[in-house]
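Okay, so here's the structure we're looking at.
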Amino acid sequence: MTVPIELRVNGRAVRLDVDPMRRLSAVLRDDLGLHGTKVGCDAGDCGACTIRLDGRQVCACLVPAAQAGGADVRTVEGLAVNGDGESPLEFGDLGALQRAFLDAGAAQCGICTPGMLMAADDTLAHHPAPSDAEVLDGLGGVLCRCTGYRKIVDAVHAASNGDHRAAADRAPAAGDAVGARMPKVDGVARVAGTAEYGADARPVEGDAQMLTVRAIRSPHASARFTIGDLAALHERHPGLVRVLTAADIPGQNRYGIYETGKDQPALADGFVRHRGEAVAALVGEEAVLERIADSEVPIAWEPLEPLTDMRAAVQAGAPRLHDHADDNVLIRGRLATGDVEVAFGEEGATSAEVEIETTWVEHAYIEPEAGYARRVGDRIEVVVSTQAPYMDRDEVALLLGILPDQVRIVPTACGGGFGGKLDLGVHPLIATAAWLTNRPVRAVWTRPESMAASPKRHPARIRATAAAAGDGTLRALHFDGDFDTGAYGSWGKTVANRVPVHAMGPYRVPAVLATTRAIHTNNPIAGAFRGFGVPQAAIAHETLMDDLAEQLGLDRFVIRHRNALRAGDATPSGQRLAASAGLRACLEALRPEWDRERGAASDWNALTARSGESRRRGVGIGAMWYGIGNTALANPSTIEMGIDAAGSVTLYCGAVDIGQGASTVMVQIAADALGVPATTVRLVSGDTDRTRDAGKSSASRQTFVSGNAARLAGEDLRRQLLALAEVGAGAVLELGDGQARFTEDSRAVSGIDLGELPRLRVDDVLLGTGTYDPHTTALDADGQGIPYETYAFGAQVATVEVDTELGTVTVLGVSAAHDVGRAINPTQVEGQIHGGIAQGLGFALMEAYVPGRTENLHDYLIPTVGDIPPITCHLVEDPEPTGPYGAKGVGEPALVPTAPAILGAIRDATGARITTLPATPERVLAGIAAARGRPPA
Ligand code: FES
Ligand code: FES
C-alpha cells in the first residue's frame, strides 16, 4: 500500500507515492536519487544517514516515510551554494562547511562525511560559534572510522570562524606539489555527496534489468548441510530467478589470497566452517527477495561441535578443518639470530616475561560491502568497493572459469577498508549471478552480514621473555605467538610471516628466537587489519620494555631511546639499515611532552589524592617499526602517465584510494616529476581495463611502492618531451592548447605541436611508464634476509585518567611522532596518524567482536567523537633514499604504538599491568586489585 506525501527537499517541493513505513533514507536514495545520504547500518547506530528534518538532525533510516509528510528535509546535496544539479561541482560551489572539511582533511574515505556534515550543519544552526563541547555533542551521533574525528572538529570551528586556507596551498604551482597540503583530488565529490560508493553504483543501462543477490548464511560454526528440493520455493515466489548453490559456481569454487592456499568456497559445499558462511544465494528482483525469509530455503543442518579454541585445535586428535593444514596449523613463522639461551644466562642480565591475549577486532568500515556486476558478451564487469582490483580480477576469473582478461574490475569510491576489503566480499555471488542470468546483479551486505562474513583482526596469544643488561641494553628476546586465523586462510600466512620480523620491536636485540603459528579454528575468518599482527606483537614488546625499565629503575623513555635501532644497525633478520631509521628523532620530538605530561600527571595526582579523589592520571609511551610492503615477496607497481593531443595530462593509477589519500599522493608525486601543476592532472583510478597493476592498497605500500612508480612514470614522460623538444633537463614545461612549450630563464626555447604526434591509444599521444618493485630477498629458515626495503618508525605518548573505583579509562591526550621519510601531503599524513590513534584506542580499550553477539554497531563499540582526545603530531622526515622524494609510509604504523602507550599509561596511573585486551573496566579493576595485592572485587 502506498500513500501520497508532500515534502520539501533542499528547498524543492516534492510529491511522492510511498509505502508509509518505508525508511526515509531509502526514499531519498532510491526514489529521489539523493545518494549523498549514506546507509551504514539501517539501525540508527552509525549516523551515516543523518539529515535535517524540520531543522533537527535525525537518522533518516529511523524515520518512516509517512513521518516526513509536510516536513522540510535538508540533505548534503543542499549544502552546496552553487550547481545546476548536472555538472560536477567545483570547490567554489561548495558551502562553507564543505570547504572547511576539505581544507582540514576532515573527509578521508568520505562515507561518513555527508552525515557528519549534516550533524555539523545542525550544530552551527544552533550554535553559530560553538564551544568544543557543543561540537562534540552535535557530532556525537555520527561514527567515523577513518579520521579520528579531531580534524572534523577543527573543520566545524573553521567554518564557524570563516577560516580559509590560501588558494596557493590548495593549488600548488608546478614543482611544488610534494610537501603541499593539497586537498584530496577526489575531495569535492566526497564532501558534496556525489562520490559513488558500492551501494550507489548503477550500470549505464539503469535499474530496469537489475537483479539482487542475497546470500543464505550458516547459523552454525561447524555443520554439515543438504539443500532440499527448491521447486516449492520457486512456486511460492514466481519472481525468484535462481537459487545458487555450490554446484552453480562455473569455475573453481575456491578462492584465497595465495596461489597455493585457495581454501574458501564462494558457496559452501555441504559443510560449513564458520558462522555466517554462505551456503546458497537467492537471485531476483529486490522486492521479491524482500518477501522471502531465509527459513523458507529448505536446508537440513547437522550441527557439529565447533573448534573454537586454538589450544584445542592443535591437540592431537582434534578434527582437521582442511587437508592442507596438519594439526590445523596453516603456517609457522620463525626468526632466529644469536644464541638466546646464552644471552638469557649472561651474568647481570635482568629478564622479564609477559603473556598477552587479544581478541577479534572488527574493521567496522562505515560502508558495508557492496557493488554490482554485469555480463558484457564473454566478459564480466564487476563494479565494487575494494582495496585490491587486480587481485579481485584474478579471483573472479578463477571462480567463473574464465581468463583474467575477461574480467574488468571497476572500483567504486571505497568507504573504508583497513585491510577488510582486500578479501572478496560481494564479488563471487554478483559475478556468478550476472554471468549465469546475463542481467546486472547487485548486492549490498547488511551490517550484521558484513560483520559475520568479513575477516577480523587475528586474536593472538603471545608469550615473550626479554633480557637486558644492567644499563637497560637489550640482550635477548624469546617470542612465541599463536594467531587464530579462523575458518579459512585469508591473510593468515602474512601475519605469521610478518610478526617474527617485528617481534622485538624497533630495538637492537642481538639474540632473538621468534616463532609464530596461524591456527585454523571454526571461528570468524581473521585476515588483514591495519598492521598484520604487528599491533598485537607490540603489546608484548612494549610491556616488556616497561617491565625491564621498572626492574632496572630506568625511565621508560630512556630505555627505549637507548635501544632504538638507528641507521647502520643490522636488524635481527640480518638486514643492514642503510639510512632512514628515525626512531631516535621521533623520541627526541616527544621528549618535552613526555617530561611535561609526567610532571603534570604527578602534580595532579598529588593534589587530588588529598581530597580522596578516586581518579588517577598516568602517562605511557609506545614505540614501533613497520616494514613497508609485502614480507620478502615481490610487490611491484606499474603506473602510467599520458598526454593527449590537447595537452591534458592523465595519470593512470591502479592504486586504489581507500580514504588514505593514495590518489592525491600519486598525483602530487607524478605532477612534480613531470613538472606540471598537480591540479591539472586528471586521474583514472583502479579500473583494470584502463590502468596497470599497482598492487593492493595494504601494508602501507602505496606511497613508497606505487609512489615510486608514479615518479618514474612522470620522469619517463618528461624525458620523452625533453627529447622531442631537444631541450635540457632544467627546462620549464607548460602544456595547453595542443602545445607543449618549454622555457629556460623565462625565455621560450622550444615547443611541440602535440596534435601532430601519432595517437598511442584512445587519447594519448605520449605515455610515460614507471614500474617499481622493492628490493627484498626471500628469508631463510631462520628468517634471515631482506624482508622489506625500508621501515617506518614512530613513537607515541598517551596520558590517561583512570577511575580506580569504576575501572573506566579516559584518554586525555596523545602525542605522536612518526618518521615518514618525507610527508608528501602533511595534512593526509596527520589524518592517517589521527585515524590510526583512534583505531589503536579502540583496540586498547573497547573493541571485542563476539560471533553471534556483537554483529552490529550498537553492541560492537568503536570510538566516537567524545572518546578521542586532542592529538599532537610531529612529522619526522628522515629521508629514505629509495623512496619517492624520500617518502616511506604511515597508514599502518600510526596504529601500532597507541595501545601500548595507553596500557603503559594505565599502569603508570594505577599499577595495573593489563595483558588481556581490551582493557575493559572489569580488567582494569582486576589489574588494580592485583597491583595492590588484593583479590579482585
Ligand atoms: S544508516 Fe542510519 S544510523 Fe546507520
Ligand atoms: S572518513 Fe569517516 S568513515 Fe571514512
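Out of G228, G193, one residue alone is closer than 30 Å to C414 by Cβ and at pLDDT 95 or above. It is G193. Of everything in the range 42-55, what is more than 16 Å from ligand 2 (Cβ to nearest atom), under 31 Å from the mean Cα position of the chain (by Cα) and not in a loop (DSSP other than H, G, I, E, B)? Give them in sequence order. Listed by number, the residues that qualify are I51, R52. Restricting attention to the range 831-842, the residues being under 14 Å from T703 (Cβ atoms) and either modelled with pLDDT under 95 or of a type outside the set (S, T, N, Q) (or both) number 2.
Of everything in the range 61-71 that is on the phi < 0 side of the Ramachandran plot and more than 36 Å from the chain's Cα centre (by Cα), the residue that is farthest from ligand 1 (Cβ to nearest atom) is G69.
Yes or no, residue by residue, for (1) more than 25 Å from G55 (Cβ to Cβ); (2) more than 16 Å from ligand 1 (Cβ to nearest atom); (3) buried (at least 21 other Cβ atoms within 10 Å of the Cβ):
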| site | (1), (2), (3) |
| --- | --- |
| C109 | yes, no, yes |
| L124 | no, yes, no |
| V135 | no, yes, yes |
| R145 | yes, no, yes |
| A155 | no, yes, yes |
| A171 | yes, yes, no |
| P183 | yes, yes, yes |
| A195 | yes, yes, yes |
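Among the residues of the range 203-229, how many are over 33 Å from the mean Cα position of the chain (by Cα) and buried (at least 16 other Cβ atoms within 10 Å of the Cβ)? Matching residues across the range 203-229 total 2.
Scanning the range 309-346 for residues that are polar (S, T, N, Q) and buried (at least 19 other Cβ atoms within 10 Å of the Cβ) yields a total of 2. Please count how many residues of the range 72-131 are within 16 Å of ligand 2 (Cβ to nearest atom), assigned to a loop (DSSP other than H, G, I, E, B), at negative phi and not hydrophobic (A, V, I, L, M, F, W, C). Total meeting the criteria: 1.
Look through the range 430-465, keep the residues that are basic (K, R), buried (at least 24 other Cβ atoms within 10 Å of the Cβ) and within 30 Å of T915 (Cα to Cα), and return whichever of them is nearest to ligand 1 (Cβ to nearest atom). Among those residues, the one meeting the criterion is K456. For the range 31-57, the tally of residues that are out of contact with any Cys (no Cβ under 9 Å at 6 or more places or on another chain) and near ligand 1 (Cβ under 10 Å from one of its atoms) stands at 0. Summed over the range 896-937, residues that are modelled with pLDDT of 95 or more, over 26 Å from E362 (Cβ atoms) and not small (G, A, S) total 5.
Applying a threshold of 6 Å to beta carbon distances and a minimum spacing of six or more residues, or different chains, the list of pairs starting in the range 445-460 at a residue that is more than 16 Å from L422 (Cβ to Cβ) and ending at one that is more than 16 Å from ligand 1 (Cβ to nearest atom) and β-branched (V, I, T) reads P459/T358; P459/T359; A460/T358. Residue selection: P306 satisfies the criterion of being part of a loop (DSSP other than H, G, I, E, B), of a type outside the set (A, V, I, L, M, F, W, C) and under 30 Å from V444 (Cβ atoms). Taking the criterion of being loosely packed, with under 15 Cβ neighbours inside 10 Å and on the phi > 0 side of the Ramachandran plot, the residues of the range 718-749 that qualify are E726, G736, D737, D745, S746. Selection of the range 117-140 for residues being within 23 Å of the chain's Cα centre (by Cα) and over 19 Å from P870 (Cα atoms) yields only L117.
The single residue among V18, V27, V39, V58 that is within 16 Å of ligand 2 (Cβ to nearest atom) and surrounded by 13 or more Cβ atoms within 10 Å (Cβ to Cβ) turns out to be V39.
For the range 595-632, a residue qualifies if it is surrounded by 23 or more Cβ atoms within 10 Å (Cβ to Cβ) and in a helix (DSSP H, G or I), and exactly one does: E597.
Between E542, E550, the distinction of being without any contact (Cβ under 8 Å) to a residue 60 or more places away in the chain, part of a helix (DSSP H, G or I) and not small (G, A, S) belongs to E550 only. Considering I837, I862, the condition of being surrounded by fewer than 24 Cβ atoms within 10 Å (Cβ to Cβ), β-branched (V, I, T), closer than 18 Å to F529 by Cβ and under 18 Å from the mean Cα position of the chain (by Cα) is satisfied by I862 alone. Of the residues in the range 577-612, how many are under 30 Å from A567 (Cβ atoms) and hydroxyl-bearing (S, T, Y)? Qualifying residue count, the range 577-612: 1. State all residues of the range 649-661 that are polar (S, T, N, Q) and either over 32 Å from the mean Cα position of the chain (by Cα) or within 16 Å of ligand 2 (Cβ to nearest atom) (or both); if no residue qualifies, say none. Passing the criteria: only Q660. If we scan the range 240-255, do we find a residue that is more than 28 Å from the chain's Cα centre (by Cα), closer than 24 Å to A431 by Cα and free of Cβ contacts under 8 Å to residues at least 24 places away in the same chain? The answer is yes; a qualifying residue exists.
Residues that are more than 16 Å from ligand 2 (Cβ to nearest atom), over 21 Å from C46 (Cα atoms), free of Cβ contacts under 8 Å to residues at least 40 places away in the same chain and of a type in the set (D, E, K, R) do not occur anywhere in the range 432-443. Yes or no: P893 surrounded by fewer than 24 Cβ atoms within 10 Å (Cβ to Cβ) and either of a type outside the set (D, E) or assigned to a loop (DSSP other than H, G, I, E, B) (or both)? No: the conditions fail for P893.
Here T494 meets each of (1) assigned to a strand (DSSP E or B); (2) closer than 26 Å to A564 by Cα; (3) among the β-branched types (V, I, T) with one exception, condition (1).
The values are calculated or read from the model by the stated rules, or taken from the named source; none is laboratory data. These figures come from a predicted structure and were not determined experimentally. All Cβ positions, glycine included, derive from the backbone under ideal geometry; neighbour counts span all protein chains shown.
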